[in-house]
Every structure is written in structure tokens, then in C-alpha cells.
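Some notes on the structure that comes next.
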Amino acid sequence: MRCDRLWTGARIATLAKHPGEVGVAVIDNGVIAASDGRILHVGPASEAPALDAVETIACDDRLVTPGLIDPHTHIVHAGDRALEFEQRLTGVSYEEIARAGGGIVSTMRATRAASEAELVASALPRVDALIAEGVTTIEVKSGYGLTTADELKMLRAARALGEARPLRIATSFLGAHALPPEFQGNADAYIRIVCEEMIPAVAAKGLADAVDAFCEGIGFTAAQTEAVFAAARTHSLPVKLHAEQLSNLHGAALAAKFGALSADHLEHLDDAGIAAMARAGTVATLLPGAYYFTRETKAPPIAGLRAAGVPIALATDCNPGTSPLTSLLLAMNMGATLFRLTVSECLAGVTREAARALGLLGETGTLEAGKSCDLAIWDVESPAELVYRMGFNPLHARVWKGR
Ligand SMILES: [Zn+2]
């Protein structure tokens, strides 16, 4: 079999799911062959077909995993909220800051004032921090523009990140993130703009891979969220939702009703929400960075999610207000320390289940023949080391689409 590139001597965690598997299965002395950016063969050297490679790369027993995937970020934004952080240290709550015109709205002002090029330039250092950890796919949301023109500008900036760097970008339109001040007291009128103007414009330009919303007391009601989802469905866009972060508005069950790819945060998720997600195959995307940064004390119902077989993904939620986190490795450590996820759950959460949460499992997230050859090659002995250390990056090399 002819191939462009062949990686040999690898200890491979394919993350492909095998029934009854406990822990992370690792193939010793494995090989990965790729051509035209796709995996042709992966498995133990002893079982490989004869492989004739243009280039052979010795992995010297390093651990190889799928390239990591960050399935929930607000990485495109202008400005920062370091001053609010300082206020929060003196005891002011997130809700108080939001109601006083801070929070999301302060980032909205900075983002509206920035050009598309400025948004790209300011996001790239954060993107580069993720790339340095072996990340090959990043989800990026809009949601700080909150006008049609500014939301489109954010989504164009998000797409441009994938042209500036070797990286797969999945975009989510999040017009229903916060109520812009010009619509104060008239959220329904704003939601009409989201549904009748923004979603059609975003769909017409092909700028979003999904539609997201923030269903919360300081965001939008379940009824408003449902209107957004209905508009998304009209334009054949899949949905996802910020749900049950600060309270239980039964957003996860609503998202599941619309076949959502994922429901995210979920600290206040109840049993009915878990059951609805399990039935719909909706991924639970957990955001331990936001939990940590806001000093939340109620953890998502991990045991219930596990028992119901709801897939669990992990993300940075990189955003300037509640999770200024640009390390997916640290998010894995937090998933373990704060939520008691296992090593296997943490690693699957940033590979296979993260791909599932983006509707990209056919393309990436596991090492299997036919998928994009997205690899992270690590200077570690065991998968546990990727979760165990804090603030240490053992990446040896990163491969995206075979290069
Ligand atoms: Zn978010």
C-alpha cells in the first residue's frame, strides 16, 4: 500500500470506541499511514499491510492521540474583563455585574468597535496557545456583536482563523447570547431580529455550522430560545445551547427536543434533562474553566450523565468574562479534579466526544481509516499524564490533515 506519510513505533490511543472498554486502550508499536491528509491504516505494526511511504517518521514510543478538539469557545472577542475580575475579588457577583451593564455587554461594545482584522489579530495569540497543545479543531461562537452586521463580522473573523492557521474551525451563531442595551425591556423584539434577520443572513452566507443560545435568567427564556431553534431548523442549521449554568430553566430538555448536538455547562441539570439528552443523543459539553473561575459550587450531575450514557465532552469555554482559559490540557485536569471525570472520560471529552458535539465525528476525533489524519504526538508514557499535570505541555508534534 502506497502512502504519503507513515508514523512508526507509536503507542497509539485511537479513542475509537470498543464496547466494554475500561480505561484508554493503547496499541504498542503501532503504525499510522496517511495519504492526501486522510488515515489509510492504523494499528499494530505486526498486523499492518506492506506500506510503501514517501516519508517515514519514527515516533520512538511516544503516545499518539487524535488531535485535540475544543468544542466550545468564544475565542473571537475584543478587549478583556480583567477589571471585572478585580471587582469580583471584592465580592460583586456575575449577575450584579451583568445587570450594571458590565459582563457580556462590555465585551459587546469593544467587539462592535473592532474591525474584522482586529478581531482576528487579537484572537490569534489565544488560538496559538491551543495549537501549541495539539489542538486541531476549535469551535468559535459569535455573540458579542448583537447586530446583524457585527455578528456576521465575528463569524467572518472566526472563519479567517482557519485560513491564518492550519486548523479546522467550526462556527456557531450565538446572536441570542445577551440582550443588547438598545433593546432593553424588549427582548422579544430582539429575538425577532435574531430569527427573521440574523439567522437568514448567516445561513445565506454559509457562515455558521450551528446555532447556539444562552437560556438563562440573565440570557433568554425557554420560549425565546425555542423561537431561535425553530428559525435554525427552517434554515437546516443544527442547534446547541448554553443551558442550566446558573439555574434550571429546562433548557437541556428543550435543546434535546430539537435534536441538539450539545447542551453546555449543565451545573443545574435535573434528571428529566439527563433523560431527554440521552434519548436525543445530545452531548453534555462540560466547562470546568467557567465553574472554577466563577467559583461555582454545584457540579454538573456526572453520575447521572454517566448512568444514562450521555456522551461527555470538555471545552475551555475561552471567553473574557467567565473563563479566560486557553489551555485544553488544564480543562482536562479540571474535569478530573473538579468533576471527578476519569482519565478516559477526559481524553475522550477532548477528542471523540468533542467531535460528536460538533457533528464532526465522521471527520475527526478518533484515529480510524478514512478520517482526517489529525494527530497529537506526546512525550508521555501514559494517557494519565495528559490529565495529571497542571500548566505543563508535553506536546512533541502536531499533525493536521496529514501535515
Ligand atoms: Zn460559552
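Contact list please: Cβ distance under 6 Å, first residue in the range 261-287 and under 15 Å from L358 (Cβ atoms), second residue part of a strand (DSSP E or B) and away from the ligand (no atom under 16 Å from the Cβ), pairs at least six apart or on different chains.
Here the result reads A284/I312, each pair linking the range 261-287 to a residue that is part of a strand (DSSP E or B) and away from the ligand (no atom under 16 Å from the Cβ).
All but one of (1) modelled with pLDDT of 95 or more; (2) within 16 Å of the ligand (Cβ to nearest atom) hold for A189; state the number of the condition that does not hold.
(2)
Looking for whichever is within 16 Å of the ligand (Cβ to nearest atom) and in contact (Cβ under 8 Å) with a residue 12 or more places away in the chain here; the options are A222, A178. Which one fits? Before you say what the answer is, go through the steps one by one.
Values: A222 fails: within 16 Å of the ligand (Cβ to nearest atom).
Result: A178 is the single residue among A222, A178 that is within 16 Å of the ligand (Cβ to nearest atom) and in contact (Cβ under 8 Å) with a residue 12 or more places away in the chain.
Taking the condition of being within 10 Å of L6 (Cβ to Cβ) and in a strand (DSSP E or B), how many residues in the range 36-57 meet it?
8
Looking only at the range 261-314, count every residue that is under 30 Å from I97 (Cα atoms) and among the small types (G, A, S) and tell me the total.
In the first step, residues of the range 261-314 are kept if they are under 30 Å from I97 (Cα atoms); the result is 262-270, 273, 284-302, 313-314.
Next, from what is left, pick out any that are among the small types (G, A, S): 262-263, 273, 284, 289-290, 299, 313.
Total meeting the criteria: 8.
State whether the residues of the range 68-90 include one that is in a strand (DSSP E or B), more than 16 Å from the ligand (Cβ to nearest atom) and touching a strand residue (DSSP E or B) at 6+ places or on another chain (Cβ under 8 Å). Working first, answer last.
Looking only at the range 68-90, we keep the residues that are in a strand (DSSP E or B), and these are 68-70.
Now drop any that are not more than 16 Å from the ligand (Cβ to nearest atom), which leaves 68.
This time we only want the ones that are touching a strand residue (DSSP E or B) at 6+ places or on another chain (Cβ under 8 Å), so: 68.
Scanning the range 68-90, I find at least one residue that is in a strand (DSSP E or B), more than 16 Å from the ligand (Cβ to nearest atom) and touching a strand residue (DSSP E or B) at 6+ places or on another chain (Cβ under 8 Å), so the answer is yes.
Return the pairs, sorted by first residue and then second, in which the second residue is assigned to a loop (DSSP other than H, G, I, E, B) and surrounded by 17 or more Cβ atoms within 10 Å (Cβ to Cβ), the first residue lies in the range 41-66 and is without any contact (Cβ under 8 Å) to a residue 40 or more places away in the chain, the beta carbons are less than 9 Å apart, and the residues are 6+ apart or on different chains.
As it stands, the answer is G43/T14, since those pairs meet every condition given.
Just one of (1) over 20 Å from the mean Cα position of the chain (by Cα); (2) closer than 27 Å to D188 by Cβ; (3) not β-branched (V, I, T) trips up P238, so point out which.
Of (1) over 20 Å from the mean Cα position of the chain (by Cα); (2) closer than 27 Å to D188 by Cβ; (3) not β-branched (V, I, T), only one is false for P238: (1).
Looking only at residues that are crowded, with 24+ Cβ neighbours inside 10 Å and part of a loop (DSSP other than H, G, I, E, B) in the range 271-288, which one is nearest to the ligand (Cβ to nearest atom)?
If we take residues in the range 271-288 being crowded, with 24+ Cβ neighbours inside 10 Å and part of a loop (DSSP other than H, G, I, E, B), then L287 is nearest to the ligand (Cβ to nearest atom).
Hey, among A243, A263, A231, A213, which residue is modelled with pLDDT of 95 or more and either hydroxyl-bearing (S, T, Y) or more than 14 Å from the ligand (Cβ to nearest atom) (or both)?
Exactly one residue qualifies, and that residue is A231.
Kindly provide the set of residues from the range 4-20 that are over 21 Å from G362 (Cα atoms) and either charged (D, E, K, R) or touching a strand residue (DSSP E or B) at 6+ places or on another chain (Cβ under 9 Å) (or both), ordered by number. If you could, list the steps in order and put the result at the bottom.
First, pick out the residues of the range 4-20 that are over 21 Å from G362 (Cα atoms): 4-11, 20.
Hits for the range 4-20 are D4, R5, L6, W7, T8, G9, A10, R11.
Let me spell it out: the conditions are (1) at pLDDT 95 or above; (2) in a loop (DSSP other than H, G, I, E, B); (3) under 30 Å from T56 (Cα atoms); (4) not small (G, A, S), and D317 meets all of them except one. Which number is the exception?
It is condition (3) that D317 fails.
Exactly one condition in (1) out of contact with any Cys (no Cβ under 8 Å at 6 or more places or on another chain); (2) in a loop (DSSP other than H, G, I, E, B); (3) more than 11 Å from T65 (Cβ to Cβ) is not met by G365; state its number.
(3) is the only condition that G365 fails.
Please verify whether T294 is hydroxyl-bearing (S, T, Y), crowded, with 24+ Cβ neighbours inside 10 Å, within 14 Å of the ligand (Cβ to nearest atom) and more than 20 Å from G391 (Cβ to Cβ), treating the condition exactly as stated. Steps first, please.
Working: hydroxyl-bearing (S, T, Y): yes; crowded, with 24+ Cβ neighbours inside 10 Å: no; within 14 Å of the ligand (Cβ to nearest atom): yes; more than 20 Å from G391 (Cβ to Cβ): yes.
No: the conditions fail for T294.
Among the residues of the range 300-321 satisfying the criterion of being within 16 Å of the ligand (Cβ to nearest atom) and in contact with a Leu (Cβ under 9 Å, 6 or more places away or on another chain), which is nearest to A260 (Cα to Cα)?
Among residues in the range 300-321 that are within 16 Å of the ligand (Cβ to nearest atom) and in contact with a Leu (Cβ under 9 Å, 6 or more places away or on another chain), the one nearest to A260 (Cα to Cα) is A313.
The values are calculated or read from the model by the stated rules, or taken from the named source; none is laboratory data. Model, not experiment: these values are computed from the prediction. So basically every Cβ, Gly included, is an ideal-geometry build from the backbone, and we count neighbours across all protein chains shown.
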